[in-house]
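Nothing in this text is a laboratory measurement; each read-out follows from the coordinates by a stated rule. Keep in mind that this is a model prediction, so the values were computed, not measured. Methodologically, a virtual Cβ is constructed for each residue, glycine included, from the backbone with ideal geometry; neighbour enumeration extends over all protein chains shown.
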Amino acid sequence: MLDWLWLVPGLPFLGFLILFAGQGKMPKRWTTLVGVGSVGLAALVTLLIAVEFYGTPEAALTYRQTLWTWMEAGSLKPGFSLYLDGLALSMLFVITGVGFLIHLYASGYMYEDEDFPRFFTYTNLFVAAMVMLVLADNLVLLFLGWEGVGLCSYLLIGFWYRDPENGRCARKAFIVTRIGDTAFAIGLFLLFRELGTLDIQDAMSAATATWPRDSGTATLIAVLLLGGAVGKSAQLPLQTWLPDAMAGPTPVSALIHAATMVTAGVYLIARTHVLFQLSTDAMQLVALVGVLTLLMSGFTALTQTDLKRILAYSTISQIGYMFLALGVGAWSSAIFHLMTHAFFKALLFLTAGSIILSVHHQQDIFKMGGLRKALPVPFATFLVGCLGLTALPPTSGFFSKEQILNAVWSSPTGGQLIWAGAVLGAFITAIYTFRMFFIVFFGEQQTEAHEHKGFKFHVPLIVLAVLAAVGGFFHLPLTSALPHAGHDHVPLGVEVTAIALPMVGVLLAYLLFYRQIPALRQLFETGPLKSLAAFFYSGWAMDWLYDRLLVKPFVALARWNSKDLVDQLPAVVSRGAALFHRLLSLSQNGQLRYYVATMALASLVVMAVAVYTG
Amino acid sequence: MSYGASLITHLWPLVLFLVLVIGLISLMLAGPYFLGSRRNARATGEPYECGIVPVGSAQYHVPIPFYLFAIFFVIFDLEAVFLFAWAVAVRETGWAGFIEALVFIVILLVALLYLWRLGALDWRTFRQKRDRASVLLR
Amino acid sequence: MTMTELHALLPIIVIAGISVVLMVMTAFFRHQRLASLITYGGFIAAAVLVAGQTGSGPQQATPLLIMDEYSRFFSLVILVTSLAATMLAYDYLRRSDVFKEEYYILLSLAVLGAVVLVSSNHFAAFFIGIELMSVSLFAMVGYMVQGRTRRAVTLEASVKYMILSGVSSSFLLFGIALVYADFGVLSFSGLHSLLGLHSTSSYSQIGAAMIVVGLAFKLSWVPFHMWTPDVYEGAPVPVTAFLATVSKVSVFAIIVRFFIESGAFRLEALVQALVWIAVLSMLVGNGLALLQQNIKRLLAYSSIAHLGYLMVAFIAIAGSNLANTNLAVEATAFYLVAYIVMSLIAFGIITTLSSPERAEEAETLAHFRGLFWQKPGLATAMGLALLSLAGIPLTIGFVGKFYVFAAGVAGQLWLLVGVLIVGSALGLYYYLRLIMEMCKAPDTEPAISREETPLENRVVLSALGLVLLVIGIFPNGLITTVHAAVAVLR
Amino acid sequence: MVDVALIDHVFILAAILFCLGLVGVLVRRNIIFMLISMEIMLNAAGLAFIAAGSAWGQPDGQVMFLAVVTLGAAEVAVALGLTLLLFRRYQSVDVDNLKELRG
């Protein structure tokens, strides 16, 4: 069964090829069949592989499948091999399983769209690239998958390309992640240069052998890789693209910008954890990035009014938790949270998609209100999702977040202060989640709502709701792939605080947005807190800051320079090349005897060289 | 043997050849002068061109068959050179050489056949051929 | 001649047989389809014979010819290439108004010359092969001059090619004579213990230089390249396709063998001259192609540049490290195959789009404008070929260029590697320019005919496109083959 | 090397012939004369072969000479055909008429 591993990336890629070849001329039924079916089959294969995988003893849980060696020129032998271990398998679960449910949902959600086939062409390619990224056993393939998912993300954010605003959002996402990718590429190159191998496993074992603890090189490479991860996973300071990425269709937001691609950074760090373990500084940095991001985006989510943007900021915040977990060495907790997050966040996005579709593409939560009656199924599933996001027991989010918080408390790179920040984040999460929930589903109904019913809409929601509810009981086969963090003993008070604060947050949200206690509301609508809220609303003014600090000066510099060097350099090159061409063209004058003369002269030179220097 | 002497031993056949050629030509030119009768007719002063009467300008169009034949001659003549080389060593090469020479000649024959069927050996002009064909058809 | 020798020579005899059979046939009746089928059959039979002998070890057949893995590999390459080129030419010839059958005679003679050339390890066979090929080629270049709807430039191209080729042959011959005078040996291996070792005599130095000059002309190395664009443009495009692939590859294959077996790499001054020729070829070829408007000329200049890239690997053979030289020889062989595939597709598409009945070839940018929207299949193949020529990953051209690059780096030829990179960057510009042209909206009055692409062309072009991609993705099969083929040298 | 002096002389003669031929190709515009000059170059090479062969006492030189002469004939055969066409097209045999292909 393990031999079938190549089918997992192969099937979606085949789907992509078929859809691409069909050029949108296939009937919609076939398109659905191919687009959804390929991912479904991949999920099935993953399941079968997992069955066999769980049957083998954990210590031997790695499997390598060499598809082919691309070429052997000198010592460089890039090959196409797949590497499966517990970590990769866990990711495969998420990508193919959740991916399949989202595809199924999208086949209903996107049905009316004229570019229906194009959508599935992109998403199938995305799944193939993402699986490739996860299964890559060498850095080249990893990078290929990494860029592949980035490309698909770009294409899908700008899916409705007729609105130039969407194109702008797509470009922003592409450029911002590109900054991270550059760091990532430099890191990979350094890794190859220092260790002389492209194979990830070899590189990891070579790294421990080559570098002592806290060596400068290891730290540098780890930080560069972190740069790539930060860009892809929308962490501080490169988080600004993700809210804008919501311009894409909602299933895309669920698939790429919540469940899978944005967690690639987490996967990358987990995959290269050996490197990070070598460097305390890098680990500390990861933890700091995580906690700062989760706090910042939590506060921002508190004030947003656009349903999808709230979810986007909450995604950033939750990935912040994953980074925090990585930073404190709780590797498996990070991946565990990655999975549970994929469940409840995909659920929330899909439900949000249903809601938005029902209220005619209205995304402002203050214009919804009281939808509980009109949309019973989304109401129920959204509630489950919110409970998971808030990490209330016994939903899946509770288990994973509790693990993380406990690890933070006792880790050397964590500590009480960071723990306090993380718990505060959990508290805020509870507030903004239920703020959203109460405003959307309670209060006065502001708009008409027509629920889209049907198999394709409800089945994914219900399945995901069940997963979000009970996913915390899953046991991921990570013991052999990632070092065990050790059993964390934390004081009882700490644990109780961590569980209780979110509940308090829910209560606060209830009072504020359901009961709407005037005194409290007044507090927020006046004075310094209001301007603070505006500040939060703008995403801590990060876009403004970048605009002032980077974009404006750059544009100004470019404008000032437009007649000068920057523009002149390419012009000089192209003009020089053209001149070169014209000069050479003169030599081709069509005169036979001139050609003979040139030949005779040249042969004279060659002969002279041969005789006089020989 | 000194260099000069060796040169002489190498070159004396050439010298002899030159002397003989010059002698023969002198003989041929001098003979008629002494032996021939002298008449002064209209055509006496004209250059002799293998029986063709030299009329008109020297720059006239020669029909293509002339060139074709010249080329055929040169090529087939040269192929004969290879046969000459074989003839020198006919005993040493034995039957294998014979078969090879045979193949060579057969290929030449095929080429000749091709030329013949293509009409390249046909002296007539295109118009003459067409007229002939129409006569036959009638 | 023994039976084993005869057996080894059988492929060559079969190819020679094609032209004889065709002559007999043509003498009695003319039939293009039959002639083409005989030619295909002959090429296939010869290829099967060569393939059947692969692995049976080197066999010296007469002192002139050697049948070893190297010559078998290139014979096979030449035969398959010629088959493809002949198939691509069928429809073009059918639509033109000249005698068709003689084309096949000339072509099979040229192939015979090429196969003899790559199998030679003696100057006599070397010379006969190269001249048999060249004389057939200049008859082929001028093949269409007789047609009623002829292109005016064909005659010019053939005259230029003939004169320059004759001059270069004289250089080649005189060079051989000088080397022969110095050592009294005509076989390559006989020279190995002599050439470059006693450097007192300038006979062999000048001789080797003149041989290089003669071959440089055939390979259109700068500054012996001037005929290339004119002949490529003037010749009928199926002939150009053949000229650009078979003649280049066979001469390059033999120059590699000659230099290795005769020890000519020991002539350091000559190698130094080759370095400058390579630099010039890469720069001048790409520079001339840069803004070129005529596609056939553009491809001619690009082929000059590609021959320059090949020289990087060729010069790397001169190094002293055995592993590196093996890598370099492999790189040349691999790149030659890659070059054939890419050029054949490009010229094949021009052939397919041309309309000889109107004496018009698809050689201007206008013919390619918007091709993607009119003939997506052909445009895709052309796009693939151009991407491969530009050296974009996952194409055969990339692997080839990478290989050459690796050989250059291993041989520490920094100047050449640097120029290779600059040249590739220039190349990217004009290849992509052509691709962009194909993506544009088509003109209202498309320059190309709307006719259906003939089946033969479709089969050949898709097969070549497939090869281009498959070897680009799985190059190891070809690498292993090439590795085995070049192992016999040295 | 056998008989150094003699072979040097012959090679000097051959080289002179070769250069004469090359100069002929360069300076003549009449294609007929270019062809004749080309033949002179070829025959210079042929002469060199004969000389080298006889110096080494081998028949190889003469064999090569035969090949050279055959090549010359074959080239001339094609060349004369092209010359005729050239004359028909331009009513002259001046190769400088051929200058359409360039750039």
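Between residue B:117 and residue B:14, what length comes free when the chain is fully extended (0.36 nm per residue of separation minus the Cα-Cα distance, one decimal in nm)?
Full-extension gain reported as 32.5 nm.
Hey, rough spin-label estimate for residue A:168 and residue D:32, points 7 angstrom out along Cα→Cβ, what's it come to in nanometres?
8.0 nm
Please compute the volume of the convex hull spanned by the alpha-carbon atoms of chain C and report it per residue in Å³.
127 Å³
Taking the Cα centroid of segment A:229-258 and of segment A:392-450, what is the distance between the two, rounded to the nearest whole Å?
Segment A:229-258 and segment A:392-450 have Cα centres separated by 19 Å.
Counting only residues 5 or more places away or on other chains, whose amide H sits under 5 Å from the amide H of residue C:120 once H atoms are built in the peptide plane?
HN-HN under 5 Å from residue C:120: C:66.
First measure r as the distance between the Cβ atoms of residue A:416 and residue A:112, then evaluate 1/(1 + (r/R0)^6) with R0 = 60 Å and state the FRET efficiency to the nearest 0.05. Spell out each step's value before the answer.
On the way: r = 53 Å, r/R0 = 0.89.
Between residue A:416 and residue A:112 the formula returns 0.65.
Once you mark the GluC sites (Glu not before Pro) that are in a DSSP loop and have at most 12 other Cβ atoms within 10 Å, what is the longest gap between them in chain A?
Longest site-free region, per DSSP loop and neighbour criteria: A:115-443.
Taking segment C:269-490 on its own, what percent of its Cα-Cα pair distances exceed 31 Å?
When all Cα pairs of segment C:269-490 are counted, 24 percent exceed 31 Å.
Tell me the angle of helix C:101-119 to the major Cα principal axis of chain C, expressed in degrees between 0 and 90 and rounded to the nearest ten.
Roughly 30 degrees between the two axes.
If R₀ is 41 angstrom, what is the calculated FRET efficiency for the pair residue B:7 and residue B:70, using the beta carbon separation as r and rounding to 0.05?
On the way: r = 39 Å, r/R0 = 0.95.
That pair, residue B:7 with residue B:70, gives E of 0.60.
First check a/c for segment A:99-193, with a ≥ b ≥ c the square roots of the eigenvalues of its C-alpha gyration tensor; if it is under 1.5, answer rounded, and if not, answer prolate when a/b is larger than b/c or oblate otherwise.
oblate
Would you mind checking which residues have amide H under 5 Å from residue A:82's amide H? H placed 1.01 Å from N; only 5 or more apart, or other chain.
A:65, A:66, A:67
With the cut-off at 19 Å, report for segment A:253-385 the share of all Cα pairs above it, as a whole percent. Working shown, then result.
Working: 4597 of 8778 pairs.
Every Cα pair in segment A:253-385 considered, those over 19 Å come to 52 percent.
State the number of lysine pairs found in chain C whose Cα atoms come within less than 19 Å, restricting to pairs 8 or more positions apart or on distinct chains.
8
Within chain A, what's the longest stretch lacking trypsin sites (Lys or Arg not before Pro) that sit in DSSP loops with no more than 14 other Cβ atoms inside 10 Å?
A:214-372
Between helix A:592-612 and chain A, what is the angle of the helix's C-alpha long axis to the longest principal axis, kept within 0 to 90° and rounded to the nearest 10?
Between helix and principal axis, roughly 90 degrees.
Would you give the gap between the C-alpha center of segment B:18-32 and the C-alpha center of segment D:54-103, rounded to a whole Å?
What the calculation gives is 35 Å, centre to centre.
Kindly express, to the nearest 10 degrees and within the range 0 to 90, the angle between helix C:69-95's C-alpha long axis and the longest C-alpha principal axis of chain C.
Roughly 20 degrees between the two axes.
Which value does Rg/Rh take for segment D:4-95 over its C-alpha atoms, Rh per Kirkwood?
Values: Rg = 15.7 Å, Rh = 14.2 Å.
Using Cα coordinates only, the ratio equals 1.10.
When the scattering of chain A is computed by the Debye formula from its Cα atoms alone, each counted once and equally, what is log10 I(q)/I(0) at q = 0.09, 0.11 Å⁻¹?
Reported log10 I(q)/I(0), two decimals: -0.73, -1.04.
Multiply the residue separation of residue A:189 and residue A:366 by 0.36 nm, subtract the distance between their alpha-carbon atoms, and state the gained length in nm to one decimal.
58.8 nm
Which of rounded, prolate, oblate describes segment C:200-337, given a ≥ b ≥ c as roots of the alpha-carbon gyration tensor eigenvalues and a/c under 1.5 marking rounded, otherwise prolate only if a/b is larger than b/c?
prolate
Using a 7 Å offset from the Cα along the Cα-to-Cβ direction at both residue A:473 and residue B:95, what is the distance between the two label points in nm, to one decimal?
Each label point lies 7 Å from its Cα, and together they span 9.5 nm.
Report the label-to-label distance for residue A:214 and residue A:160 in nanometres (one decimal), using points 7 Å from each Cα along the Cα→Cβ vector.
5.4 nm
Rounded to the nearest 0.05, what FRET efficiency do residue A:51 and residue A:480 have when you use their Cβ-Cβ distance and R0 = 30 Å?
0.95
Under 20 Å from the 7 Å Cα→Cβ point of residue A:582, by amide nitrogen: which residues of segment D:70-103?
Of the residues in segment D:70-103, D:102-103 have backbone N under 20 Å from the label point off residue A:582.
Principal axis extents for the protein assembly as shown, Cα atoms only, whole Å, descending order, please.
Over the protein assembly as shown, Cα extents along the principal axes are 153, 77, 64 Å.
Roughly how many whole Å is it from the C-alpha centroid of segment C:234-279 to that of segment C:378-404?
22 Å
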